[in-house]
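I have placed the structure first, in the form of structure tokens, so that the comments after it can refer back to it.
The values are calculated or read from the model by the stated rules, or taken from the named source; none is laboratory data. Predicted model, so just to flag it, every value in this text is computed and none were measured. Using ideal geometry, Cβ is built from the backbone for each residue, glycine included, and neighbour counts are taken over all protein chains shown. Just the protein is used for accessible areas: all its heavy atoms, side chains included, with ligands, DNA and RNA removed. Shrake-Rupley method; radii C 1.70, N 1.55, O 1.52, S 1.80 Å.
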Amino acid sequence: MSLHRRPVRVSALPVLVAVLALAGCTPGDSEARVDPPPTPPTDVAGFCAALHKELPETVAGLARARTAPESGLTAAWGGSAIVLRCGIPKPPEMADPKQEGVEVNGVRWLLEKLPDSAGGGFRFITGMRLAYTEVRVDKEHATDAGMLVGLSAVVAKTVPEGISSY
């Protein structure tokens with residue numbers, strides 16, 4: 001019995017069509033509709049501008065997407081799979097001692113599970129920083145807080161610790 005097998009030849013055209021079809025569906029190629037927060041105070045806007053300049057091109061393996069309308073206060077990855085808004089007003093949830101949170105790379109995040117009626121997934125909001133930053137993750141990508149690793153490093157670098165008055 002011979003273990004030698006003839007190589008399988010596949011026509012290049014079907015493979016090329018399949019690759020191009022998949023490439024056309026990559027999440028990073030799409031645009032995300034993101035409502036920017038109301039215009040924050042000048043100091044908060046400055047922290048958000050610094051954050052925006054340092055944001056990574058990929059988060060959790062998803063490529064950065066364009067946001068509409070364009071704003072230095074928003075960013076998205078994988079279309080609208082992961083959406084960031086910086087400079088949001090202090091959320092009322094920050095005053096709730098029952099709210100859950102996580103700490104990633106020295107940045108504290110308030111954790112809120114979004115109801116299925118709102119599309120599911122999670123919302124994370126930075127705490128103890130001079131600008132509040134919100135990250136929404138759709139339910140498909142909300143398997144863990146791993147996507148916060150890179151974002152936390154950038155937040156820690158650009159938004160000083162403290163309590164925002166906004």
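Placing R0 at 22 angstrom, the Cβ-Cβ distance between Met94 and Asp43 gives a FRET efficiency of 0.75 after rounding to 0.05. In terms of its alpha-carbon gyration tensor, the range 25-157 comes out rounded; the largest-to-smallest axis ratio a/c stays below the 1.5 threshold. Can you give the accessible area per residue of the range 35-166, in Å², using a 1.4 Å probe? Here the per-residue accessible area is 50 Å². For the listed peptides 85-98, 129-142, a ranking on the average number of other beta carbons within 10 Å per residue, highest first, reads 129-142, 85-98. Between Thr143 and Ala50, with labels modelled 7 Å along Cα→Cβ, what's the label distance in nm to one decimal, could you check? Label-label distance for Thr143 and Ala50, simple model: 3.5 nm.
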